[in-house]
1. Looking at the range 117-125, is at least one residue buried (at least 21 other Cβ atoms within 10 Å of the Cβ), touching a residue at least 60 places away in the same chain (Cβ under 8 Å) and over 17 Å from the mean Cα position of the chain (by Cα)?
2. Quick check on this structure: which one of LEU77, LEU62 is assigned by TED's automatic domain parsing to the domain that holds PHE103, crowded, with 23+ Cβ neighbours inside 10 Å and under 16 Å from VAL214 (Cβ atoms)?
3. For the range 193-230: of the residues being of a type in the set (A, V, I, L, M) and in contact with a Pro (Cβ under 7 Å, 6 or more places away or on another chain), which is surrounded by the most Cβ atoms within 10 Å (Cβ to Cβ)?
4. Look at GLU182 and say whether it is at pLDDT 95 or above and out of contact with any helix residue (DSSP H, G or I) (no Cβ under 7 Å at 6 or more places or on another chain).
5. Applying the selection to the range 337-382, what residues are crowded, with 19+ Cβ neighbours inside 10 Å, over 26 Å from GLN193 (Cβ atoms) and β-branched (Val, Ile, Thr)?
6. Return the residue satisfying two criteria in turn: it lies in the range 171-195 and is of a type outside the set (Ser, Thr, Tyr) and within 8 Å of the chain's Cα centre (by Cα), and of such residues it is nearest to ALA72 (Cα to Cα).
7. Just to be sure before I move on: is LYS273 surrounded by 17 or more Cβ atoms within 10 Å (Cβ to Cβ), assigned by TED's automatic domain parsing to the domain that holds ASP363, part of a helix (DSSP H, G or I) and touching a residue at least 12 places away in the same chain (Cβ under 8 Å) in the structure I sent?
8. In this structure, is MET279 in contact with a Gly (Cβ under 9 Å, 6 or more places away or on another chain), buried (at least 21 other Cβ atoms within 10 Å of the Cβ) and not assigned by TED's automatic domain parsing to the domain that holds ALA84?
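The values are calculated or read from the model by the stated rules, or taken from the named source; none is laboratory data. A quick note: this is a predicted structure, and the numbers were derived from the prediction, not measured. Note: ideal-geometry Cβ built from the backbone for every residue, glycine included; neighbour counts use all protein chains shown.
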Amino acid sequence: MAKMIRKNYLMAPGPTPVPTDILLEGAKDTIHHRTPQYLEIQKKAIDGCQYLFQTKQPVYILSSSGSGAMEAAVANLINPGDKAISVNSGKFGERWGDLCRAFEADLDEIKLEWGSMVKPEQIKEALEKNPDTKAVFTTLSETSTGTIHPIKEIAEIVKDYDAILVVDAISGLLAQPLKMDEWGIDVVVTGVQKGFMMPPGIGLISASEKAMKVINENKNNKYYFDLKAYAKKYPDSPWTPPINLVYQLAKSVELLQEETIEGLWERHELMAKATRKAMEAMGLELFAENPGNVLTSIKVPEVVDGKKIVSFLRDSWGVTFAGGQEHLKGKIIRIAHLGYMSQFDVIIGISALEMGLKKFGYDLELGSGVKAAEEVFIKAGV
């Protein structure tokens, strides 16, 4: 049997592929962070982030993954005993609940089946039951399932209450429409290893004026993630920033701004549409109730070992998808179309999945998924 050249294709929802131009920025000389030369680079990165968040509010750079930004949101908004509402419909909504409990919130957790979408009226009902709620913690794109939550509609409800609306946009930002100021979202958190096309290591957080009032009055114990310290030093950093990663972030936002925020949303929507048309043509069932542009999750056919096929595609063919988490291990496959990806990355991923499913005993017509995706792209004129 001929031995094939192995190339790696990263099609998991984070970390995502990194363009060479961004990788090379990280190889530049490290300069001192308390200099005007460095601050100019950081300002460029921040200005670009404000555009991508669709906000005029400051965007703070944290030396962390997105989970650090989530913790910063909870630590700066919640005092022990404060009422909080969180939506748990997957692994990352679950994380909001874990963080709220860690900071001793009085938590009302809206628990849903994984893959389900929260209904705006469920948020309204929880707020009516808990009128003293300090913050509502939600997720734009639940990465464990690919479900999108109706953040714009939720924001319409929350703005009539004193509560702060917090959105985990770690995987969703840039792939999925989100307009922080226009929609009235109070706090947005994200990480750069998803749509920003960067290596992990930076968390980003922005807070509205309404949220900053709550943050300034917060008495909870914190130090490194104290957003009052970040606000005092802004646009500088209170602590040593991840200098070379900030170089990369400045390049990232430059490339993303060139594409425009509307262009980013359209590209991700098209790749998601092509992927789902391919899954339909292959006879596969989608898992998420309201799938978005970040990833497509599919139910693994009964004849296929869901854990083995994901491992085989990664270890033998170099194509990395994500499997299910927790009770969904071996039951779903998550195919990302996020960040530095084109139509041909999507086609390669679909082709690999077709061949893998065939090898593992699933009966399908080879090329059916690829053909369906290609037809979507050709119709779109790309």
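1. The answer is no; no qualifying residue exists.
2. Working: LEU62 fails: under 16 Å from VAL214 (Cβ atoms).
Going through LEU77, LEU62 in turn, just one is assigned by TED's automatic domain parsing to the domain that holds PHE103, crowded, with 23+ Cβ neighbours inside 10 Å and under 16 Å from VAL214 (Cβ atoms): LEU77.
3. Here is the first cut: in the range 193-230, the ones of a type in the set (A, V, I, L, M) are 197-198, 202, 204-205, 207, 211-212, 214-215, 227, 229.
Narrowing the set further to residues that are in contact with a Pro (Cβ under 7 Å, 6 or more places away or on another chain) leaves 197, 202, 229.
Numbers: MET197: 25, ILE202: 28, ALA229: 16.
So the residue we want is ILE202.
4. On the way: at pLDDT 95 or above: yes; out of contact with any helix residue (DSSP H, G or I) (no Cβ under 7 Å at 6 or more places or on another chain): yes.
Yes: the conditions hold for GLU182.
5. VAL370, VAL376
6. Kept after step one, since they are of a type outside the set (Ser, Thr, Tyr), are these residues of the range 171-195: 172-189, 191-195.
Imposing the further condition that a residue be within 8 Å of the chain's Cα centre (by Cα) reduces the set to 172-173, 191, 194-195.
On the way: GLY172: 19, LEU173: 18, GLY191: 13, LYS194: 19, GLY195: 21 Å.
The qualifying residue nearest to ALA72 (Cα to Cα) is GLY191.
7. Values: surrounded by 17 or more Cβ atoms within 10 Å (Cβ to Cβ): yes; assigned by TED's automatic domain parsing to the domain that holds ASP363: yes; part of a helix (DSSP H, G or I): yes; touching a residue at least 12 places away in the same chain (Cβ under 8 Å): yes.
So LYS273 fits the description; yes.
8. Numbers: in contact with a Gly (Cβ under 9 Å, 6 or more places away or on another chain): yes; buried (at least 21 other Cβ atoms within 10 Å of the Cβ): yes; not assigned by TED's automatic domain parsing to the domain that holds ALA84: yes.
Answer is yes for this residue.
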